[in-house]
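*Asks:* After the C-alpha cells below, expect a handful of questions from me.
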Number of protein chains: 2
Amino acid sequence: GEQVTIAEYLLARLEQLGVTSIFGVPGDFNMPFLDYIEDHPKIDWIGNCNELNAAYAADGYARVKENSIGVVTTTFGVGELSAMNGVAGAFSEMVPVLHIVGAPSTAQQKKKPMLHHTLGDGRFGAYIKASEQITIAQAVLMSKTNATSEIDRILTECITRARPVYLMLPTDLVSQKVPAGRLEVPLSRTPPPNNPDVEKFVLDEIVKLVDSADQDIIILVDACAIRHNVRQEVDDLLTRTQFPVYAAPMGKTAVSENHNRYGGIYIGSISDPSIKEKVENAKLILSIGALKSDFNTGMFTYSIPTSSTIELHSDHTQVQHAQFPGIGMKQLLPKLTARLKQFESSASQLAVPHYKAVIPNEQHDDISHAWFWPRMGAFFKEGDVIVAETGTSSFGILDIPLPERSVFVSQILYGSIGWSVGSTLGAALAARDKKMGRTILFVGDGSLQLTVQELSTMMHYGLKPIIFVLNNKGYNIERHLHGMHRKYNDIADWQWTSLLTTLSNPNPQEKPKSKSYTLTALLEDKIFSNTGEMQLVEVVMDMYDTPRALQAAADLSAS
Amino acid sequence: GEQVTIAEYLLARLEQLGVTSIFGVPGDFNMPFLDYIEDHPKIDWIGNCNELNAAYAADGYARVKENSIGVVTTTFGVGELSAMNGVAGAFSEMVPVLHIVGAPSTAQQKKKPMLHHTLGDGRFGAYIKASEQITIAQAVLMSKTNATSEIDRILTECITRARPVYLMLPTDLVSQKVPAGRLEVPLSRTPPPNNPDVEKFVLDEIVKLVDSADQDIIILVDACAIRHNVRQEVDDLLTRTQFPVYAAPMGKTAVSENHNRYGGIYIGSISDPSIKEKVENAKLILSIGALKSDFNTGMFTYSIPTSSTIELHSDHTQVQHAQFPGIGMKQLLPKLTARLKQFESSASQLAVPHYKAVIPNEQHDDISHAWFWPRMGAFFKEGDVIVAETGTSSFGILDIPLPERSVFVSQILYGSIGWSVGSTLGAALAARDKKMGRTILFVGDGSLQLTVQELSTMMHYGLKPIIFVLNNKGYNIERHLHGMHRKYNDIADWQWTSLLTTLSNPNPQEKPKSKSYTLTALLEDKIFSNTGEMQLVEVVMDMYDTPRALQAAADLSAS
Ligand SMILES: Cc1ncc(C[n+]2csc(CCOP(=O)(O)OP(=O)(O)O)c2C)c(N)n1
Ligand SMILES: Cc1ncc(C[n+]2csc(CCOP(=O)(O)OP(=O)(O)O)c2C)c(N)n1
Ligand SMILES: [Mg+2]
Ligand SMILES: [Mg+2]
C-alpha cells in the first residue's frame, strides 16, 4: 500500500482532527519535523516566543475549537520542561493537547552521549518521567514498526478522555516510511457504550426522583459539559424540558447566557442572592459535568445535599449517594431527554431570575470594578471569545451575562497566571478558523508580565484581539488573600500602552498609535469596536478596589 | 533552648550560606513564607516577572557567588512546574540551587480537596515526583518534628554535591516553632576524606606518569573546577609547577585568562590550531573537573588518548584507564601540588601560545562576528562578569581572552535559550555583593524574546548591566545547524531599543534615552563604559554571518 513518512502520517492524523495550527519553538531535535509542518498545505506553524506560552496557546486553541485538539511541539529537555506547566493546566482542566517532543535519534538515545540539553548523567529518560505526571498517555517512538499504532493510540486517548498526551519523536524517525493504510479509518472519540441494563436502571431512578420532586428540578452545567462535548445534548434537554438552568463559573457559556431558561452563575454562598435562593431551594439538582474546585464552588460553599443531587459525568453517573461507574453522559443524555420531556409543561412554569448586569451610576471618574464589568457586558457582541485571567478579571466577569454564541475562556481550577495571554493567541486563531467574533482578553498587570512576549506573536500572525490590561499596580487578588500592604504584591510599573509598538516593527514613518481616551469614549468608538487591528487598552484602577465575588471569596478564605 | 519559626530557621541557614537574595513569584501557598523574607534584615526578596526567569536568576546568582547557593521560591503546581526547566539546567551544570515550594497545609494535603493549582484528580504528590527527576534531594516538611534536620539534610546535599534540591513547605508549618540549637553548627561543604591508602597510590601513579612524560604535561581546566570549588587549589598547582594550562569552554575563567602559563580554550578539532597542536601533542594531560558535553568538546572531537589522561573530579579520579571512585580532587590537589612542584623548573620551559584576539581591519561598516568579538575583548575590564547566551554569543566569545578576575557565565551543556537574561539578573546581584565590575550580557534576538521581561526586574532593583542584543533577524545558530532558509528560524522583529523604557516607568518629563551610535563610537564613549545606569545596545548583524567556532561546530554536526 501507500507509504508516507512518520511526520506525514502524524500530520495527516492531526489534519483529520481539525488541527490547523501547531504551536511551539524550534530546536535541534525538532527542526527535521518542523520542515514537514512548514511545508504542509493545511497546517500552519505558529512560532511562539517561548515554550510555556506555546503550551498555553495550544490549550486556548483547543478550548475554542471544541472538536479538535491543541498541538505544541518543543525540543528535548529545555523545550519540553519549559512547556510542562502549560500541559499540566490542560491536564487539570480536561483540555485535549498533544505535546510532541523532538528528541535525539534512536541511536543517540541508546548510546547516551553527553548531548546538549541533557542532564549530564546519562538519564535520557528523565524528562518523559516528569511528563508522565501530567499526561494520560505517552508514546516513545523507537522504531517505525509500531509508530502508526502508537500515534493512533495516544491520539485516541487524547480525544476520548480530553486530557494531554505526550509523543517523543526521535530525529531519525521523522522521515522513515510507514504504511498509510490506517489513515483511511478516522480516529473515533466515541466513548464505549453504556451497559444497557445499568443505564436503564439509572434512567428509571432519575425519572422517579424528578417525579417525586414535583419537577422542582434545576440543571447546573459545569466545565465538563463543554470539555466532554455534550453542548448539543444539553441544549436538546433544555429545549425539551424547559428546566431552569444555571452554570458554575467553569460552565459559563456552556449554555447561552441569553437562554430564556438560564438564570446565571451559581457560586455557592457567593452567588447572587436570587440565584443562591433558587438553586439551594430546588428539590433536585441535575448537575452536568461538575468540577468542584475551590474557586468554582465559592470556596466549597455549595449548599446542595447529595440526596438532592444527580451528577452526570463523561465516564460515570451519581444518583444521590449511588455511584454508577462507566455510565457516561454522552449517551445517557439523549435517552434522559426522551424520558424527561414529559415534565415540560410543569417545568416551564418554574421561575428563573433574570441574569443581567446593571451599569451603576457612579459620581466619580475612577473606573471601579462595580462599573467596569457591567460596562464591558454592554460592549460584548454575539460570537465574541472572552478570555479572563485569574485575578480580579476571572471574578469580575462572573456577574456579567455574555452574549449569544460567545465563548468564555478562563482557568478557574488550575489558575496559572499569564496563561491567558498565550491562551488568547490560540483562542484567536481558533476563533478565526470558526469565523467567530472578536477575541477579547482581560488580564491583570501582574499576570501580563509573566507572558507579555506573546503579544508579539499575535501581531506577527495578523491576529486582532482586544487586550484590556487592568493596571491596579500589582497583584490585587493576592493582596486580598494575604499581604494587603506587602511589597511582594507590588510589581514594576511598565509603559503598558507602548507594548504593542515595542514588540513589533511598525512602519517607522507612522506615528505610534498609543492615545489616551476616557474608557467610556473608547468603548463607544466605532473604529475601536471593529478591530481593524490589534489593540491594547490600559485600564487604570484603584490599587485595592476589587470585584464583589473576589471580596466574598477572600473573606471566606480568611475564615 | 531558644525556639524560632521554621521560616526563621530556614532563612538563618540561608544567611549562614551567604544568601542575600531570594528569587521567585508570590502565590497563595508561599505568601506566609514571603512575609519572613520581606521582613528579614539581611536577605532581600527579588520579585521576578515569572518563575522560569526566577530559577534562571538563582542559577546565575550561584555561579557568581561561588561559596553560596541560589534560592528560588514558587507556589505549588503552577509556580514550581514553571520553574522546572531552570532547576534542570542547574542540575545539569552542577549549580547549587534550593527550590522552596510553598504548598497547601498539611491538613489539606491529607484531605486532598480540589484546590486551585491541583490537577483535579487528588494527586497532590505529582509535582514533587516530577521534580525528583531534576533534583538530588527532596524534603517534604509534614511536621515540625523533623523540620530542622530535613532542612539541614537537603542543604548539605546541595552544597557538597553542587546540585539542586527541593523543599516543600506547607503553609501551616511556616510559623511553627522549632529549636534553634542546630544553627550553632554551620553546615559543612567539606567532602568526606579520601581513603588514605588509595589516595597515596593515586598520587604515586600520577607522579610516575608525569616523570615518564618528561614533564611534557598540560593542565586542562573545565566546568567542575569552578563548580566544585577548587579554584584556589588549581591556582596553587599552577604557581608551584608552572605547567601550561588550557581551559575547555565551560572552564573559561576558571583560571585567569591573563595567567602567564595560560594558553587559551581547547575545543577539540575546532580549537585554534596552535592550541590544538599543543594540547594534542602533550604527552600527558591533567584534566580538572571535566564535563565532556558536545559543545564543550567541539562535538566530541577531543584527540587525547585515555592513556595520556589523568582526570580529577569532585568524587572520583581516573588515571589512564584506572578508575578510583571516592578519591576527590578537593583534598587530592594540595597533596598533588606538593609532589609535583619538583617538576617546576622543567615545566616552566614549556612554551604556551599567546592567547589573544586581534581586531581585524575590515573595509566595510557592517558589524561582523570576526570584528565584533575581538572588539568586545578590548572593551572588557578587570572584574567584569560576562554572560553569553547559547547561540552566536556563546561561540563567538570563546576566541576572546577575558580580563583578570572576570567571570564567564554561559550554559554550554544544557543550553536553554533565554536563560542568560534571568541569569544576568542573578549574576548582577551577586556581582554587586562581591563588589565586582560590570555585568555584561550578550544575547541573541531570538533568545531575548523568551525571557525579555526580566529586563524589567533588573531596572526595578537598580541593577546596571549592559545588554548587547545581537539583531541578526532570527535564530542564526539554528540556521547553521538545520533550516538555513526556513521561516521557522525567523522571529518577529521588535523595537529592541525601546525595551528598557517600555518595561519600566521612567520620568515622563525626560526624553527617552534611546539613541543611535556607531558601535565603535559607543564602545569608546566614557559615559557608556561606566554604566551610570542600565543600558541596552542593539547590534545589527548580517542574518547569516556567524563566528568561526560556530561554523566549525555546525560543519561537524552535519557530517
Ligand atoms: C504561574 C503563577 N504564579 C503565581 C501565581 C499566584 N497568583 C495568583 S493570582 C496572582 C496575582 C495576579 O495579579 P494581576 O494579574 O495583577 O491581577 P489583579 O491585580 O487584577 O487581581 C498571583 C501572583 C499563579 N496563580 N500562577
Ligand atoms: C528553551 C529553548 N528552546 C529552544 C532551543 C533551541 N535553540 C537553540 S539556539 C536557538 C536560537 C537562538 O537564536 P538567537 O538567540 O537569535 O541567537 P543567534 O541568532 O545569535 O545564534 C534555539 C531556538 C533552546 N536551546 N532552548
Ligand atoms: Mg493587578
Ligand atoms: Mg539571532
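*Asks:* Pairs of Cα atoms under 8 Å, at least six residues apart: use those to get the relative contact order of the range B:280-411, whole percent.
*Replies:* On the way: 141 pairs, mean separation 18.8, N = 132.
It comes to 14 percent, rounded to a whole number.
*Asks:* Then there is this: Can you work out the base-10 log of I(q)/I(0) for the range A:396-509 at q = 0.15 1/Å, using the Debye formula on its C-alpha atoms alone?
*Replies:* For the requested q values the scattering log ratios are -0.75.
*Asks:* Okay, moving on. Provide A:201, A:372 in ascending order of the number of other Cβ atoms located within 10 Å of each residue's Cβ, fewest first. Kindly include the intermediate steps, with their values, before the conclusion.
*Replies:* Working: A:201 15, A:372 23.
Taking fewest neighbouring Cβ atoms as first place, the list is A:201, A:372.
*Asks:* Follow-up. Can you tell me how chain A classifies by the Cα gyration tensor, rounded, prolate or oblate, using a/c under 1.5 as the rounded cut?
*Replies:* oblate
*Asks:* What percent do you get for the relative contact order of the range A:213-308 when only Cα pairs under 8 Å and 6+ apart count? Intermediate results must be reported in sequence, preceding the final value.
*Replies:* Details: 168 pairs, mean separation 33.8, N = 96.
It rounds to 35 percent for the range A:213-308.
*Asks:* How would you classify the range A:406-457 from its alpha-carbon gyration tensor, with a ≥ b ≥ c the square roots of the eigenvalues: rounded for a/c under 1.5, else prolate if a/b is greater than b/c, otherwise oblate?
*Replies:* Details: a/c = 2.28, a/b = 1.46, b/c = 1.56.
Oblate.
*Asks:* Strictly greater than 17 Å: what percent of every Cα pair in the range A:359-403 meets that? The partial results should precede the final answer.
*Replies:* Numbers: 323 of 990 pairs.
Tail of P(r) above 17 Å: 33 percent of Cα pairs.
*Asks:* How high is the relative contact order of chain A, given as a whole-number percent (alpha carbon pairs under 8 Å, six or more residues apart)? Please report the intermediate quantities before stating the final value.
*Replies:* Values: 1164 pairs, mean separation 74.8, N = 559.
Relative contact order comes out at 13 percent.
*Asks:* Modelling each spin label as a point 7 Å along the Cα-to-Cβ direction, I'd like the residue A:405/residue B:533 distance in nm, to one decimal.
*Replies:* Taking the simple label geometry, residue A:405 and residue B:533 are separated by 5.2 nm.
*Asks:* Can you give the local net charge around residue A:29? Use residues other than it whose beta-carbon is closer than 12 angstrom to its beta-carbon, Lys and Arg +1, Asp and Glu -1. Can you show the working numbers first?
*Replies:* Numbers: positive: none; negative: A:28, A:80, A:172, B:478.
Surrounding charge for residue A:29 is -4.
*Asks:* In addition: Once R0 is set to 56 Å, what does the formula 1/(1 + (r/R0)^6) return for the Cβ-Cβ distance between residue A:129 and residue A:473, expressed as a FRET efficiency to the nearest 0.05?
*Replies:* Details: r = 42 Å, r/R0 = 0.74.
Efficiency at R0 = 56 Å is approximately 0.85.
*Asks:* Moving on to the next point. Place a +1 charge on the Cβ of each Lys and Arg in the protein assembly as shown and a -1 charge on the Cβ of each Asp and Glu, then give the dipole magnitude about the Cα centre in debye, rounded to the nearest 20. Before the final figure, lay out each step's value.
*Replies:* Details: 98 positive and 122 negative charges, 162 e Å.
Roughly 780 debye for the protein assembly as shown.
*Asks:* When a/c reaches 1.5 or more, the comparison of a/b and b/c decides; with that in mind, is the range A:324-438 rounded, prolate or oblate per its Cα gyration tensor?
*Replies:* Details: a/c = 2.13, a/b = 1.40, b/c = 1.52.
Taking the square roots of the gyration eigenvalues as a ≥ b ≥ c, the range A:324-438 is oblate.
*Asks:* If you don't mind, another one. Please figure out what share of the DSSP beta bridges in the protein assembly as shown is antiparallel and state it in percent, rounded to the nearest 5. Kindly include the intermediate steps, with their values, before the conclusion.
*Replies:* Values: 20 of 133 bridges.
Here the share of antiparallel DSSP bridges comes out near 15 percent.
*Asks:* If you rank B:454, A:184, B:538 by fewest surrounding Cβ atoms within 10 Å, what's the result?
*Replies:* Values: B:454 28, A:184 8, B:538 20.
Going from least to most buried by this count: A:184, B:538, B:454.
*Asks:* Over the Cα atoms of the range B:441-559, how large are the radius of gyration and the largest Cα-Cα distance (Dmax), in Å?
*Replies:* 16.4, 58
*Asks:* Return the FRET efficiency for the residue pair residue B:180, residue B:464: r is the Cβ-Cβ distance, R0 is 41 Å, and the value is rounded to the nearest 0.05. Could you put the intermediate results ahead of the total?
*Replies:* Numbers: r = 38 Å, r/R0 = 0.94.
For residue B:180 and residue B:464, the calculated efficiency is 0.60.
*Asks:* Also: Considering the Cα positions of the range B:216-273, please state its Rg to one decimal place and its Dmax as a whole number of Å.
*Replies:* 10.8, 31
*Asks:* Would you kindly work out the equivalent ellipsoid of the protein assembly as shown from its C-alpha gyration tensor and give its semi-axes, the square roots of five times the eigenvalues, largest first in whole Å? Display every interim value, and only then the final one.
*Replies:* Numbers: eigenvalues 574, 188, 177 Å².
Semi-axis lengths for the protein assembly as shown are 54, 31, 30 Å.
*Asks:* When the helices in chain B are scored as -39500 (n - 2.57) per DSSP H run of 4 or longer and the sum is shared across all residues, what 222 nm value do you end up with, to the nearest 500 deg cm²/dmol?
*Replies:* On the way: 23 runs with 211 residues, N = 559.
Theoretical 222 nm ellipticity from helices: -10500 deg cm²/dmol.
*Asks:* Let me ask something else about it. Once both labels are modelled 7 Å past Cα along the beta-carbon direction, what's the residue A:16-residue B:523 spacing in nm?
*Replies:* 5.8
*Asks:* Would you kindly derive the ³J(HN,Hα) couplings of the range A:260-266 from the backbone phi angles with the Karplus curve 6.51 cos²θ - 1.76 cosθ + 1.60 (θ = phi - 60°), listing them in order in whole Hz, with x for Gly and Pro?
*Replies:* With the stated coefficients, the range A:260-266 comes to 5, 9, 8, x, x, 9, 9 Hz.
*Asks:* As a quick test, which of the pairs B:42/B:464; B:283/B:335; B:434/B:473; A:208/A:278; A:435/A:526 have an alpha carbon distance above 26 angstrom in this structure?
*Replies:* Values: B:42/B:464 22 Å; B:283/B:335 22 Å; B:434/B:473 36 Å; A:208/A:278 22 Å; A:435/A:526 20 Å.
Distance filter (> 26 Å) returns B:434/B:473.
*Asks:* Give the order of B:540, B:185 when sorted by the count of other beta carbons within 10 angstrom, beginning with the fewest.
*Replies:* Working: B:540 14, B:185 9.
Ranked by crowding around the Cβ, least crowded first: B:185, B:540.
*Asks:* Further question: Karplus couplings for the range B:440-446 from phi (6.51 cos²θ - 1.76 cosθ + 1.60, θ = phi - 60°), rounded to Hz, Gly and Pro as x?
*Replies:* So the J values, rounded to whole Hz, are 10, 10, 10, 9, x, 4, x.
*Asks:* Place a point 7 Å from Cα of residue B:216 in the direction of its Cβ. Which residues in the range B:309-338 have their backbone N less than 17 Å from it?
*Replies:* Once the point is set 7 Å along Cα→Cβ of residue B:216, B:309-310 turn out to lie under 17 Å by backbone N, inside the range B:309-338.
*Asks:* Right, here's the next one. Taking R0 as 35 Å, what's the FRET efficiency between residue A:67 and residue A:105 from their Cβ-Cβ distance, rounded to 0.05? Before the final figure, lay out the partial values.
*Replies:* Numbers: r = 35 Å, r/R0 = 1.01.
Efficiency, from the Cβ-Cβ distance: 0.50.
*Asks:* Working from the alpha-carbon coordinates of the range A:114-180, get Rg over Rh, Rh being the Kirkwood radius.
*Replies:* Details: Rg = 13.5 Å, Rh = 13.3 Å.
Rounded to two decimals, Rg/Rh equals 1.01.
*Asks:* What lysines sit close enough to residue A:129 to cross-link, taking a C-alpha to C-alpha distance under 16 Å and skipping anything fewer than 8 places away on the same chain?
*Replies:* B:129
*Asks:* While we're here: In chain A, what percentage of the DSSP-assigned beta bridges are antiparallel, given to the nearest 5?
*Replies:* Numbers: 10 of 67 bridges.
Taking every DSSP beta bridge with both residues in chain A, the antiparallel ones total about 15 percent.
*Asks:* So what is the orientation-averaged projected area of the range B:26-70, using the convex hull of its C-alpha atoms, in nm²? Present the calculation step by step, with values, prior to reporting the outcome.
*Replies:* Values: hull surface 14.0 nm².
Mean projected area for the range B:26-70: 3.5 nm², to one decimal.
*Asks:* Quickly work out the residue A:143-to-residue A:346 label distance, labels modelled 7 Å from Cα along the C-beta direction, and quote it in nm with one decimal.
*Replies:* Reported label-point gap for residue A:346 and residue A:143 is 6.6 nm.
A short reminder: the numbers here are calculations on the coordinates, not readings from a lab. Predicted model, so just to flag it, every value in this text is computed and none were measured. For neighbour counting, all protein chains shown are included, and Cβ atoms are generated from backbone atoms with ideal geometry for every residue, glycine included.
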